[in-house]
Every structure is written in C-alpha cells, then in structure tokens.
Amino acid sequence: MEKYHIITYGCQMNESDSERLAGQLEHLHYRRTETPAEADVIIINTCCIRESAENKVYGKIGELKHLKQHNPNLLIGITGCMAQKNKKALFARAPHIDFVLGPYNLHHLEELVSQKQQTVASHTLMTDMRAASIEDFTDIKAKRESNVFAWVPIMQGCNKFCTYCIVPYVRGREWSRPLASIRAEVEQLAQEGYKEITLLGQNVNAYGLDFKNGTDFSDLLYTVNEVPGIERIRYMTSHPRDMSRDMIDAIAACPKVCTQMHLPIQSGSDELLRRMNRGYTLADYMELLDYIRIRLPQTVLTTDLIVGFPGETEAMHADTLRLLETVEYDMAYTFIFSKRSGTPAAAMNNQVDDDTKKRRLQELMDVQNEISLRKNQDMVGQVFEVIAEGPSKKNADNWFGRTSGNKMILFPYQAGMTIGETMQVRVDRAQTWVLTGTPTERRSTAI
Ligand code: SAH
Ligand code: SF4
Ligand code: F3S
C-alpha cells in the first residue's frame, strides 16, 4: 500500500487545505503515515506570512533531500502560499522537489500523483491564479484530522491589501464559495457526527460580497445555524472594517455561534493603522467593541498585533500598550513586523531595528500575559460547557476540552469518557494559557 505524509505550516486555512490534499490521496488509495521515510508522496503545505515561516519550510525541504536519494520514486511536492510566492525558484534552490502547486491548483494533486513517472521527470509547476470554479477545490472530500471538529472553507483570498501583508498576492482576490455548497458540506458533517465547525476565510465578514446579490456573512450564519446536529459554529478571521452591526446581531441571534471572536487590531496608533491601510481608526474599533459588548456580553475576545511596523515610534508603541490595558483582550497574538518583498511596507525607509522590535514585543507580551491570567482567574468557580478533545499530551490522565469561548480546560479522566462528549466542567485553577477543572455533569452524546 502506498503512503503519504503531509507537513502543514501556517494558518487554519492551510490546515483545512491539507485535509483536502489528503482527501485526494486517500481517493487514490494512499494511506497516511507519520514517518516521512515510509512515504511515497511527501507534501509540504507552506506559509510565507513572515520570513521565519519561510525559513522553517526551507529547513524542512533540506531535510527531505536524503529521502529522495534513498528512494528516487518518492514524490516531493511544495504547495500553498510559499509555492505561489516563489514558484520555480523553489526547483532551482532544491532540485529534489517534484512539483509546486499554488493555492488555486491544489485540486490537481490527484491527477499529478496518479501520473507519477511523468511528474518525477518534469518539475511540474502550477501556480495559475485562476481555477474554473472555487468548488473545484472546496468540494473535494476532506480526510479530516478530527471526528468532532471540522474546518469549513467559505472563501478564498483577500482584497484588503494591508501594506505589510503578502496574503492578497499569494491567495488572490476574495472569492466566495456558494452558500448551497457550504450548507451541503455542513449537513454532511452533521450526518457523520461532527459537532463543531469553523467557517474559514481571511476575512469572513466579506463573505458573499462578490455574489453581488445581497448574500452576506449574516445569511451564512443563519443558514448553518439551522443544521441539526451541529452544536457549535466558529468563524475565522473577522476584519474590523467589514464586521457590521447586522453581523453582530446575526451572531447574537444564532445560539450555536460560539462566544469567541478574533478581531485583529494590529496597532493602537491611528497613524500606523492608516499606514497599514487597515481602513479603520481606533475610535471606529472601540465603537464596534462597544456594540459587541452590548449585544454579545459573553464574548471572549482575542486579537493580533504587529510590533515594529516601519516608522513605529515609542509613542505609537505606548498607544498599543495602552490599548491592551483598555480593551483587556483574553489573548493577543503578537508578531514582529517582517518585510515581505513586493508589499509596500517592505519598501518603507523608516524600518525599526531588531533590538527595538524584540523589546517592544516583550513589553506587549508582559502586559497581555498579566491580563490573560486575570481573565482566566475570573473563570475560577464557574461551570462551563466543554467538548472533550481527548488526553492531554503532557499527562494522559488528564483530558482537555474547550469552552464556547475557546478557552482550554484540563480535567481528570473519568472511566467511560469519550472524545466528542459534551460535558460541564467547573474551573478550579487558572494559569495564563490553561485552566484546570472538574467535570460536574456529563451528557453522553459521544460519537
Ligand atoms: N486575515 C487575517 C490574518 C492574516 S495573517 C487578518 O487580517 O487579521 C495573521 C496575522 O499575521 C495578521 O493578523 C498580522 O498580525 C500578522 N502578519 C501579517 N503579515 C505580517 C508581516 N509581514 N509581519 C508580521 N506579522 C504579519
Ligand atoms: Fe493580510 Fe490584511 Fe488581508 Fe488580513 S486583511 S489577510 S492582514 S491583507
Ligand atoms: Fe500563511 Fe498563507 Fe495562511 S501565508 S498565514 S498559510 S494564508
């Protein structure tokens, strides 16, 4: 039996894409292996959001070289965002790569692998930014990692062109998946016993705008909320400019939509937000938050921040620190600005030096960690519904699950617990990244 091994970098979008790559190989009767040396096909599904992401991929590509020497029939494919960005330069740098597929070409994997010999001989490159239809890829049956939680891609691309970001260049323009196609996948998932879905897009609030028929993200939420069997609906990522009051009302009206919202702000400085081309001011963002807090008071709010954007002064950095103190996010993902060639910010001439960037990152993390801990401590003594995800990696006597707000809780294993079981857990102890608790009630609806 032939085997495949897939290595995934980057965001949830890539994790979801990898499941559809795996689906195509399963269709060819390949089986998954965790051991690269056993594999007949190895795919690295790549990310290029920051330089560090690319360096990791290059390291991994280098590691695979010796496998090709041992097994000349091995197929090595590079897929995803970095494939799109670097195209045939990848073959020049690493001739042991057999094929390179950009994000719009992932549905060709099955055909490529089935023509194995020609592929080995040809250094196949597919980085066309058009596909016949978005469903070419989204409707491929995924081979999923979990039996309980499922990624559901709802769109491709991004139109925002934030000045630091490579995504619009490698993922193309916003292209929405038809509502009927999403609904069909969610219904199928429910039938297979999936309980939780995450609707995925770079900017989910722009969903449907390209149909130009009035369909939008709110309609999508109402539609999937109706699917029986699905208990939880998450969505990633929201953009403060496109998140409308109507969408917040829709979230409030759909009981299955989780109390988690990831709303990246990037900076607390209006001047930087303008130079980043984010399309909102701090005041706009705070107004939006006020509405969210009124309509969705339980919301667990998280964000993304970039430090060291070109021209960031100490005063601008202090604005971001103040923002963290004011908003009190549950969690903030903080990134050091990384130059991405071809983006406007990479060419800006007032770059911040590395030491300053590192110090500012640490300052943001110090402030945020304290707030995250405090927020978690507020949960102690309260009972939350969690869906069990299985044993913790560190200690198999402990299992873990997530609340609707996406907070992870560890709890002691009890006989008969099953993955996918919905249970009530009381929080006993809080740390910055994790909570510990005790199940108080179990509702057995395991898969
Ligand atoms: N579409 C989402 C997220 C895209 S990438 C959004 O707009 O929020 C995830 C995060 O990576 C971004 O929110 C941003 O904080 C960070 N990021 C993107 N480009 C970056 C760059 N060049 N350097 C550092 N961080 C970057
Ligand atoms: Fe990148 Fe901005 Fe699009 Fe997000 S919204 S993917 S940060 S260009
Ligand atoms: Fe990376 Fe592409 Fe996602 S660049 S963050 S894998 S969209």
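The values are calculated or read from the model by the stated rules, or taken from the named source; none is laboratory data. None of the values given here were measured: they were computed from a predicted structure. In this analysis, Cβ positions are derived from the backbone assuming ideal geometry, glycine residues included, and neighbour counts consider all displayed protein chains. The accessibility values were calculated without ligands, DNA or RNA, using every heavy atom of the protein model including side chains. Shrake-Rupley method; radii C 1.70, N 1.55, O 1.52, S 1.80 Å.
Tabulated data
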{"read-out": "Size of electric dipole in segment 134-374: Cβ of Lys, Arg +1 and of Asp, Glu -1, about Cα centre, debye, nearest 20", "value": "420 debye"}
{"read-out": "Heavy atoms of LYS357 accessible to a 1.4 Å probe, total area in Å² rounded to 10", "value": "20 Å²"}
{"read-out": "Under 17 Å from LYS116, Cα to Cα: lysines that are on another chain or at least 8 residues apart", "value": "LYS3, LYS68"}
{"read-out": "Dipole axis of segment 229-366 (+1 Lys, Arg; -1 Asp, Glu on Cβ), positive-most option in TYR280, GLY229, LEU324", "value": "GLY229"}
{"read-out": "Positive minus negative residues near GLY172 (Lys, Arg vs Asp, Glu; Cβ under 15 Å)", "value": "+2"}
{"read-out": "Within the chain, helix-based [θ] at 222 nm, where runs of 4 or more DSSP H residues each add -39,500 (n - 2.57), nearest 500", "value": "-10500 deg cm²/dmol"}
{"read-out": "Mean separation of Cα contacts under 8 Å, 6 or more apart, over the residue count of segment 383-444: relative contact order %", "value": "33 percent"}
{"read-out": "Relative intensity, log₁₀ I(q)/I(0), of segment 104-252 from a Debye sum that treats every alpha carbon as a point, q = 0.10, 0.12 Å⁻¹", "value": "-0.40, -0.57"}
{"read-out": "Magnitude of the charge dipole, the chain, Cβ model with Lys/Arg +1 and Asp/Glu -1, debye to 20", "value": "780 debye"}
{"read-out": "Per residue solvent-accessible surface (Å²) - the chain, probe of 1.4 Å", "value": "43 Å²"}
{"read-out": "Cα-derived Rg over Rh, computed across segment 383-444 with Rh taken as Kirkwood radius", "value": "0.91"}
{"read-out": "Protection-proxy order for peptides 2-9, 128-135, each taking the mean of Cβ atoms within 10 Å per residue, highest first", "value": "2-9, 128-135"}
{"read-out": "Inter-centroid distance (Cα atoms) of segment 243-259 relative to segment 145-165, Å", "value": "19 Å"}
{"read-out": "Area accessible to solvent at HIS29, 1.4 Å probe radius, in Å²", "value": "130 Å²"}
{"read-out": "Dipole magnitude of segment 3-126 about its Cα centre (Cβ charges: Lys, Arg +1; Asp, Glu -1), debye to nearest 20", "value": "380 debye"}
{"read-out": "Gain in span if fully extended, MET1 to SER133, counting 0.36 nm per residue against the direct Cα distance", "value": "44.2 nm"}
{"read-out": "Alpha-carbon centroids, segment 61-118 and segment 172-241: separation in whole Å", "value": "31 Å"}
{"read-out": "Nearest-10 value in Å² for the accessible area of ASP355, using the 1.4 Å probe", "value": "110 Å²"}
{"read-out": "Ellipsoid semi-axes in whole angstrom, largest first, where each is sqrt(5λ) of the Cα gyration tensor of the chain", "value": "34, 29, 23"}
{"read-out": "Whole-percent carbon and sulfur share, accessible surface of the chain, 1.4 Å", "value": "51 percent"}
{"read-out": "Overall Cα dimensions of segment 3-126 - principal axes, largest extent first, Å", "value": "34, 28, 26"}
{"read-out": "Dipole of the chain, positive direction: furthest Cα of THR303, CYS162, LEU125, with charges on the beta-carbon", "value": "LEU125"}
{"read-out": "Relative contact order %, segment 249-302, counting alpha carbon pairs below 8 Å whose residues are six or more apart", "value": "50 percent"}
{"read-out": "Cross-link table LYS56/LYS407; LYS160/LYS407; LYS85/LYS358; LYS56/LYS87, entries beyond 23 Å C-alpha to C-alpha", "value": "LYS56/LYS407; LYS160/LYS407; LYS85/LYS358"}
{"read-out": "Accessible heavy-atom area order of MET1, MET261, MET408, highest first, probe of 1.4 Å", "value": "MET1, MET408, MET261"}
